[in-house]
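Undergrad: What follows is a single structure, and I will ask about it in a moment.
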Amino acid sequence: MQVFTSLLVLSIVFIVFIISDINNYKQRRVRNILSLAQIVGNNSIPTLQFQDNEAAKQILSELHNVIPEIVHATILDKNNKAFASYTKPGADSLVMPATLAEEGFAFAGRKLVAESPIVDNGNQAIGKVVIAIELSELEQIRQSKYKLATLLLFMAIGFSLLIAILVQRYISRRLLLLVNRMKEVNETGDYNDPITDNGKDEISTLIKVYNDMLLRIKESQQRKDEFIGIASHELKTPLTSIKGYVELLNLIEEKQPNKQYIQKTLDNIKKLERLIKDLLDVSKIQSGQLELNMQEFNVNDLLHETIVSFQMIASGHKIIKEDALANETVIADRQRIEQVLINLLSNAIKYSPGESRVIVRSRMTDKELIIQIRDFGIGIPKEEQASIFERFYRTKDTSIHISGFGLGLYICRDIINRHEGRIWIETEDRGSAFYFSLPLKTNGNK
Ligand code: ADP
């Protein structure tokens, strides 16, 4: 837009210059020709007075030596009759313009015609001189000015485009950087990386606003994480002693329905305990304190134990183990991997109400152990699959009907990532299949 506007202004300036240049040229010629006509008139006074036609012709025929563009020159007597005249060989006959300007000139096509009265010493008009010249230079001047203007315009277009491209690149590079960073932050939730920009324009202001916003989000996240950490610590201590007392009561109480009430209280305490554990894990993940205790263990044993103990509380579903593993081992944090398994199994059961089976499969490749937990439940819409590993994320359909906090998968992902493994979901016709992998021969503890 700016390029276009400057080109328009430049074109108008050029046109004005060309017009004024041409006008200057015309005025110069008018002055020349009028003074020439006056000189010729003065010199012709005796020729008219003495009716010396030859001398008059002589004067006129020599005029083209002074101004070669002269095509006609005529001396008229006081009755307006041609007394002597000159016509350039090959020139058209002179057609006198109907009117002349006050000073005595007129433009007729490409010709300039001027006339000047011949006045004798007694101030009596005794005739007049008419001179016509061809404005042959006019077209040349016009052409050369237009050529120059066009050349300058093209140069201006070139320069403007070059500057526009450079400026555009500078602007769009920074805008793109901003957009990409926003996308990145949106995907990773990492608010620790502000953008450095030394510019002083509007984009710098935008970047500064973005950086300020990032800082504020980070601070508020930190406050929230701190609160979650403190609150779960504070809740854990009284809950542990309540659990202890209730377990004691459960041991000594034999009478129904007291025993049943105590059992229900214990179930709810366990639920609360799980939530607090999750919150504490989240707090550890956020502060980078979730540590792994790496050891070598038999994968089949872990799967078997976890499934057997889990099956006891999941009476409505049959957990079927279909594996291709013999006695393979991995090096990992056994307890944390068990936590991942329990989380995925409990989700598989929780989100497949009315279904009767959950399948667990395991296999080894050259590089990794892969475990699959497959249910036949409500499934997860494709567009939400990328989000379910985020903290506090729950799918729109389930969040209303089935209780949960959206923390389990977030913790699972962190545990698996710390093992340098992968966790992902694959779409099935019915239900969902969660996978996680652990690299073989890993010994590092992060
Ligand atoms: P929670 O189950 O406590 O809500 P999770 O982090 O374990 O938290 O799961 C996040 C969300 O992912 C759940 O709220 C649910 O919407 C969805 N989800 C997880 N596992 C399954 C599954 N097996 N089938 C359907 N949806 C699931």
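Undergrad: Which one of Ile331, Ile342 is of a type in the set (Val, Ile, Thr), open to solvent by 10 Å² or more (accessible area, probe 1.4 Å) and within 16 Å of the ligand (Cβ to nearest atom)?
TA: One residue alone meets the criteria, Ile342.
Undergrad: If you don't mind, there's one more thing I want to ask. Just for strands (runs of 3 or more DSSP E) wholly inside the stretch 288-334: which have at least 1 residues that are over 16 Å from Gln372 (Cα atoms)?
TA: 295-298, 329-332
Undergrad: Only one of these conditions is not met by Leu344: (1) within 21 Å of Gly404 (Cβ to Cβ); (2) out of contact with any strand residue (DSSP E or B) (no Cβ under 9 Å at 6 or more places or on another chain). Which number is it?
TA: It is condition (2) that Leu344 fails.
Undergrad: In addition: Is it the case that Glu226 is of a type outside the set (Val, Ile, Thr), surrounded by 11 or more Cβ atoms within 10 Å (Cβ to Cβ) and more than 24 Å from Lys277 (Cα to Cα)?
TA: No.
Undergrad: What pairs come up if the first residue lies in the stretch 202-215 and is at negative phi and open to solvent by 60 Å² or more (accessible area, probe 1.4 Å), the second is at pLDDT below 95 and assigned to a helix (DSSP H, G or I), and their beta carbons are under 9 Å apart, counting only those six or more places apart or on different chains?
TA: Cβ pairs passing all conditions: Leu206/Arg174; Leu206/Leu175; Leu206/Leu178.
Undergrad: How many residues are more than 6 Å from the ligand (Cβ to nearest atom), hydrophobic (A, V, I, L, M, F, W, C) and surrounded by fewer than 20 Cβ atoms within 10 Å (Cβ to Cβ) if we restrict to the stretch 377-412?
TA: 4
Undergrad: Something else now. Given the conditions (1) of a type outside the set (D, E, K, R); (2) surrounded by fewer than 17 Cβ atoms within 10 Å (Cβ to Cβ); (3) within 13 Å of the ligand (Cβ to nearest atom), and given that Asn417 satisfies all but one, which numbered condition is not satisfied?
TA: Of everything listed in (1) of a type outside the set (D, E, K, R); (2) surrounded by fewer than 17 Cβ atoms within 10 Å (Cβ to Cβ); (3) within 13 Å of the ligand (Cβ to nearest atom), Asn417 misses just condition (3).
The values are calculated or read from the model by the stated rules, or taken from the named source; none is laboratory data. In this text, all values refer to a predicted model and were calculated from it rather than measured experimentally. Cβ coordinates were reconstructed from backbone atoms using ideal geometry, including for glycine residues, and neighbour counts include every protein chain displayed. Ligands, DNA and RNA are excluded from the accessible area calculation, which covers all protein heavy atoms including side chains. Shrake-Rupley method; radii C 1.70, N 1.55, O 1.52, S 1.80 Å.
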